[in-house]
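Asks: I have a structure I would like to understand better, so I am pasting it below and will then ask my questions one at a time.
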Amino acid sequence: MEGQKSSWIWYGGDFEFYHSLKLHLRRTERSYTYPAFWRLPEPYANVRFKKTFHLDKTEDIRVIAKGVGFVQVNGSAYRFGETIRLEAGECRILVFLSNLCGLACFYIEGENVTSDESWLCDCYDSRWIHAGSNSMYTDRDCDPEVFGFERSRIYPQSKKKIDGGVLYDFGKETFASFVFPELTEDICVYFGESELEAVDTDSSYLLKPVKAEEAGKIFPACGFRYMYVKGAAAEPEVYYEHLGLEKKGDFCCSEELITRIWETAAYTLELNSREFYLDGIKRDRWVWSGDAYQSYFMNRYLYFDEDIAARTITALGGKGEVCQHINTIMDYTFYWIVSVYDHYEMSGDKGFLQRMFPRMREFMDFTLSRLDENGFASGVGDDWIFIDWADIDKTGAVCAEQMLLLRAIEAMEKCAKIAGEDGGEYKELFEKLYKAVHERFWDEEKGAFIDSFESGKRNVTRHGNIFALIFGYVDEEKRQSIIDNVILNDNIPQIKTPYFKFYELEAMCIIGRLDYVLDRLREYWGSMINDGATSFWEEYIPGKPWQEQLSMYGNKYGKSLCHAWGASPLYLIGRYFLGVRPLSCGYETFEVCPRLEGFSELEARVPVKGGSVIIRKKDNLLQVSADRAGGTLRTSSGEYELIPGTTVTAAE
């Protein structure tokens, strides 16, 4: 029997739930804790594991566990940590484990008897599932209760004395822990994404009182650029804390501003890539499904890291009875359902989809149980109908929500078939809702979908119409009508957040207006950089005074200046300008269809599953290569198979 590497294992999903719980109870405002306002799943406190081995020879093992309990081998009990002699033949091993205040998990030291995901576990409900594990925890000394971040010392670019304190400027946004090796008296540390915020001690969003006896203590990381230390002379040591993901994508072009936009977007996503995808690193530091949904796509073109995406999806899905929408937001539930299929498209991981599908069904059943008398998804009770920070008519059923529900139902049908079910019920449901949406929300006079038919206002915004165009939920006549009457109509209120510009600019790419998209990158994201952004913001209004740019949610410094949804240029450039996308799940086959008319010279590396694509442009010629099979290059001059080890040169 060939030995395999052990890893720490736990009840499937509990690792994600444990770290999600810790993360969502970590947010602070000023100096008090601000817990998340939705249901947070907890790991099971009492679990058991089992596996039967067939040994060719005698073997000694040790079981190291987080928690209390015992090991049972063929009916005999043993303590955790002691050497257990296993005789040749059949060995039926059970591990009984409880942990009231942490993650119940264990690790086996053995030659052939190891701990991995092939073990079965349950929480004493007799519904045995495969154990969970993570590639970060294959060493006995790696503690699964401590998330494996990397840390590196960073230094301020400048410091200056201000009003009895010292202001440290680290030159750019960072997420860092800090320690004061020496202190003679109590001090207070104020943080800011701007200098204004850091020195405004009455209003700065984050602050930390530090007592003299806490010298040498490492304080938890938070998001900031500026650190203002008020009190006795005290020099901080600061350590950038990050996940250390391998950057598999890269981009550089002859236009410096576009290159800087891509690099700033990459840094924005890096800062928000932690245990899970965060919304922003200063204020919430929570996991929001709609925010994360966009990060999954940005990830494809920068890291192509399947693990962080799967962790985030798992944590958001939760467990137990579904009694509210994810993050309390109805649209965020729909994004989550769709994200499971999208992850399968990216990874080809059928097992993950099968594990998630029962939870998908529970969320969909919950949604369908609350449809209104017209068969539409409307807010019930404390449901939050978000869509975007915009003036949308949210009376009753909202068009944009129905578009997202259609997308979720479509994902349910696809996932049901992959999971081995028929899925016909979802096809019927989709057809019924599709017809009703067109009957009730389409306005012939306006040539567009209205927000709400119940208010009587017949208000048209971009949001529902953009979804209809992106998802392909209109025929050619209505599609062109939306383009003319909404997408290209300056009288329709403009999108103000990077969040929904993700969808707006994707719609422009789909209709072939990449010139428009490139101009918006320059005008919107480029203006942010010109206004001093070192990472992209939660919201931006060009021309707005600096002090006013910083405020949001009624808070003087409430706006996040490092928000993951601001990093959408990674996706837009990778998917539509460089033109890389999967044609089948797991990128078994993929397409490279560059649209680089707006660039004179360019060099980029785009990750695909198991490899990458290199794209160069110079003198109106493309050079494209891939280091794995399955790719097809499509240009105006023809189609070319991308054979590993060769470079295709073609006219653009």
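Here, each number is a calculation from the coordinates, and none is a lab measurement. Please read these numbers as outputs of a predicted model, since none were measured by experiment. No Cβ is skipped: glycine too gets one built from the backbone with ideal geometry, and neighbour counts run over all protein chains shown.
Asks: What does the stretch 340-379 give for Rg and for Dmax, in Å, if only its C-alpha atoms count?
Replies: Expressed in Å, the Cα Rg and Dmax of the stretch 340-379 come to 13.5, 39.
Asks: Evaluate the Debye formula for the stretch 31-71 with equal point scatterers sitting on the alpha carbons, no solvent, and hand back log10 of I(q)/I(0) at q = 0.25, 0.30, 0.31, 0.32 Å⁻¹, in q order, two decimals.
Replies: After summing over all Cα pairs, the log10 values are -1.07, -1.23, -1.26, -1.29.
Asks: Which whole-Hz ³J(HN,Hα) couplings does the stretch 520-532 yield from phi under the Karplus relation 6.51 cos²θ - 1.76 cosθ + 1.60, θ = phi - 60°, glycine and proline marked x?
Replies: 5, 4, 5, 6, 8, 5, x, 5, 4, 4, 5, 8, x
Asks: Can you give me the relative contact order of the stretch 270-397 as a percent, contacts being Cα pairs under 8 Å and 6 or more apart? Provide the component values of the computation, followed by the final result.
Replies: Working: 124 pairs, mean separation 27.6, N = 128.
Rounded, it is 22 percent for the stretch 270-397.
Asks: Still on this model: Report the rotationally averaged projected area of the stretch 404-453 based on its alpha-carbon convex hull, in square nanometres. Please report the intermediate quantities before stating the final value.
Replies: Numbers: hull surface 14.4 nm².
Average of the hull's projected areas for the stretch 404-453 equals 3.6 nm².
Asks: Which value in nm describes the separation of the simple spin-label points at Ser551 and Lys22, placed 7 Å from the Cα toward the beta carbon?
Replies: So the label points at Ser551 and Lys22 sit 3.8 nm apart.
Asks: Amide H of Arg27 versus every other amide H placed in the peptide plane: which residues, excluding those fewer than 5 positions away on the same chain, fall under 5 Å?
Replies: Here the answer is Tyr34, since their amide H atoms fall under 5 Å of that of Arg27.
Asks: May I ask which residue of Gly543, Val166, Cys509 lies farthest towards the positive end of the charge dipole of the chain, with charges of +1 (Lys, Arg) and -1 (Asp, Glu) on Cβ and the Cα centre as origin?
Replies: It is Val166, whose Cα lies furthest towards the positive end.
Asks: Please list the radius of gyration and Dmax for the stretch 1-104, considering alpha-carbon atoms only, with Å as the unit.
Replies: Gyration radius and largest Cα-Cα distance of the stretch 1-104: 18.3, 62 Å.
Asks: Here is a follow-up. Normalised radius of gyration for the stretch 83-179, please: alpha carbon Rg relative to 2.2 N^0.38 Å, two decimal places.
Replies: Working: Rg = 23.1 Å, N = 97, 2.2 N^0.38 = 12.5 Å.
Normalised Rg, Cα atoms only: 1.85.
Asks: Of Asp250, Asp388, Asp60, how do they rank once you tally other Cβ atoms within 10 Å and put the fewest first?
Replies: Numbers: Asp250 16, Asp388 20, Asp60 12.
Lowest to highest Cβ neighbour count: Asp60, Asp250, Asp388.
Asks: Taking the Cβ of each residue in Arg605, Arg92 as the centre, tally the other Cβ atoms inside 10 Å and list the residues starting with the fewest. Don't jump to the answer; show the numbers that get you there.
Replies: Values: Arg605 17, Arg92 12.
Result, fewest neighbours first: Arg92, Arg605.
Asks: In the stretch 1-97, with Lys and Arg counted as +1 and Asp and Glu as -1 at Cβ, which of these residues, Gln4, Gly81, Leu55, has the Cα nearest the positive end of the dipole, that is, farthest along it?
Replies: My answer, from the dipole projection, is Gly81.
Asks: Suppose R0 equals 45 Å; then what is the FRET efficiency for Glu29 and Lys427 from their Cβ-Cβ distance, rounded to the nearest 0.05? Provide the component values of the computation, followed by the final result.
Replies: Values: r = 47 Å, r/R0 = 1.04.
Computed FRET efficiency for Glu29 and Lys427 comes out at 0.45.
Asks: Starting from the Kirkwood Rh over alpha-carbon pairs, what translational D in µm² s⁻¹ does the stretch 146-278 have by Stokes-Einstein at 20 °C and 1.002 mPa s? Present the calculation step by step, with values, prior to reporting the outcome.
Replies: On the way: Rh = 16.1 Å.
For these conditions, the coefficient is 133 µm²/s.
Asks: Could you grab the relative contact order for the chain? Cα pairs under 8 Å, six or more apart, rounded to a whole percent. Please report the intermediate quantities before stating the final value.
Replies: Details: 1371 pairs, mean separation 73.6, N = 652.
In percent, rounded to a whole number, it is 11.
Asks: Determine the shape class of the stretch 450-496: with a ≥ b ≥ c the square roots of the Cα gyration tensor eigenvalues, call it rounded for a/c under 1.5, and otherwise prolate if a/b is greater than b/c, oblate otherwise. Let's see the in-between values first.
Replies: Working: a/c = 1.73, a/b = 1.24, b/c = 1.39.
Oblate shape, in that a/c is at least 1.5 and b/c is the bigger or equal ratio.
Asks: Work out the length of the dipole vector of the chain about its Cα centre, built from +1 on the beta-carbon of each Lys and Arg and -1 on the beta-carbon of each Asp and Glu, and round it to the nearest 20 debye. All intermediate terms of the calculation are to be shown ahead of the outcome.
Replies: On the way: 75 positive and 103 negative charges, 147 e Å.
With only Lys, Arg, Asp and Glu charged at Cβ, the dipole is about 700 debye.
Asks: Order these peptides, 592-601, 494-503, 77-86, by their mean beta-carbon neighbour count within 10 angstrom, highest first. Don't skip to the answer; put the middle values down first.
Replies: Values: 592-601: 17.2, 494-503: 20.5, 77-86: 13.6.
For the peptides 592-601, 494-503, 77-86, the packing ranking is 494-503, 592-601, 77-86.
Asks: Enumerate the lysines that Lys427 could reach by cross-link, defined here as Cα to Cα under 26 Å, with residues fewer than 8 away along the same chain left out.
Replies: The qualifying lysines are Lys350, Lys414, Lys417, Lys435, Lys478.
Asks: Using unit Cβ charges (K, R positive; D, E negative) and no other charged atoms, how large, in debye to the nearest 20, is the dipole of the stretch 289-389 about its Cα centre?
Replies: Working: 8 positive and 16 negative charges, 76 e Å.
Roughly 360 debye for the stretch 289-389.
Asks: Quote the FRET efficiency, to the nearest 0.05, computed for Glu454 versus Ile541 with a Förster distance R0 of 22 Å and r equal to the Cβ-Cβ distance.
Replies: On the way: r = 31 Å, r/R0 = 1.39.
Calculated value: 0.10.
Asks: Mind pulling up the Rg/Rh value for the chain? Radius of gyration and Kirkwood radius, both on Cα.
Replies: Working: Rg = 26.6 Å, Rh = 27.0 Å.
Radius of gyration relative to Kirkwood radius: 0.98.
Asks: In sequence order, what are the phi-derived ³J(HN,Hα) couplings for the stretch 391-398 according to the Karplus relation 6.51 cos²θ - 1.76 cosθ + 1.60 with θ = phi - 60°, rounded to whole Hz, with x for glycine and proline?
Replies: 7, 9, 6, 9, 6, x, 6, 10
Asks: To continue, here is another question. Quote the convex hull volume per residue of the stretch 272-345, based on C-alpha atoms, as a whole number of Å³. Each step should come with its number before you reach the end.
Replies: Working: hull volume 6.5 nm³, N = 74.
Convex hull volume per residue, Cα atoms: 88 Å³.
Asks: Using helices alone, what [θ] at 222 nm do you get for the chain, with -39,500 (n - 2.57) per DSSP H run of 4 or more residues, divided over all residues and rounded to the nearest 500?
Replies: Numbers: 16 runs with 184 residues, N = 652.
The per-residue figure over the chain is -8500 deg cm²/dmol.
Asks: Right, next: Need one number: % antiparallel among DSSP beta bridges in the chain, to the nearest 5.
Replies: Values: 107 of 112 bridges.
So the antiparallel bridges in the chain amount to around 95 percent.
Asks: On to the next question. Where the centre of each part is set by its Cα atoms, how far does the stretch 282-331 sit from the stretch 118-157, in angstrom?
Replies: Cα centroid of the stretch 282-331 versus Cα centroid of the stretch 118-157: 18 Å apart.
Asks: Points 7 angstrom from Cα along the Cβ direction at Glu652 and Ser527: gap in nanometres?
Replies: Each label point is offset 7 Å from its Cα along the Cβ direction, giving 2.7 nm.
Asks: How would Phe37, Phe376, Phe49 line up from fewest to most surrounding beta-carbon atoms within 10 angstrom? Each step should come with its number before you reach the end.
Replies: Numbers: Phe37 11, Phe376 21, Phe49 25.
Starting with the residue having the fewest Cβ neighbours, the order is Phe37, Phe376, Phe49.
Asks: Now, a different point. Towards the positive end of the charge dipole of the chain, with charges on Cβ (+1 Lys, Arg; -1 Asp, Glu), say which of Tyr239, Met346, Val580 has the farthest Cα.
Replies: Tyr239
Asks: If every alpha-carbon in the stretch 264-410 counts as one equal scatterer, what log10 I(q)/I(0) does Debye give at q = 0.09, 0.12, 0.13, 0.19 1/Å?
Replies: -0.28, -0.50, -0.59, -1.18
Asks: Would you be so kind as to identify all helices of the chain, as entire DSSP H runs, whose Cα atoms reach 20 Å or more along the helix's own axis and whose mean Kyte-Doolittle hydropathy is at least -0.5?
Replies: Working: long enough: 256-271 (22 Å, 0.29); 330-347 (26 Å, -0.14); 350-368 (26 Å, -0.32); 399-418 (29 Å, 0.50); 424-441 (25 Å, -0.96).
Span-like helices in the chain: 256-271, 330-347, 350-368, 399-418.
Asks: Using only the Cα atoms of the stretch 80-132, what do you get for the radius of gyration and for Dmax, in Å?
Replies: 12.5, 37
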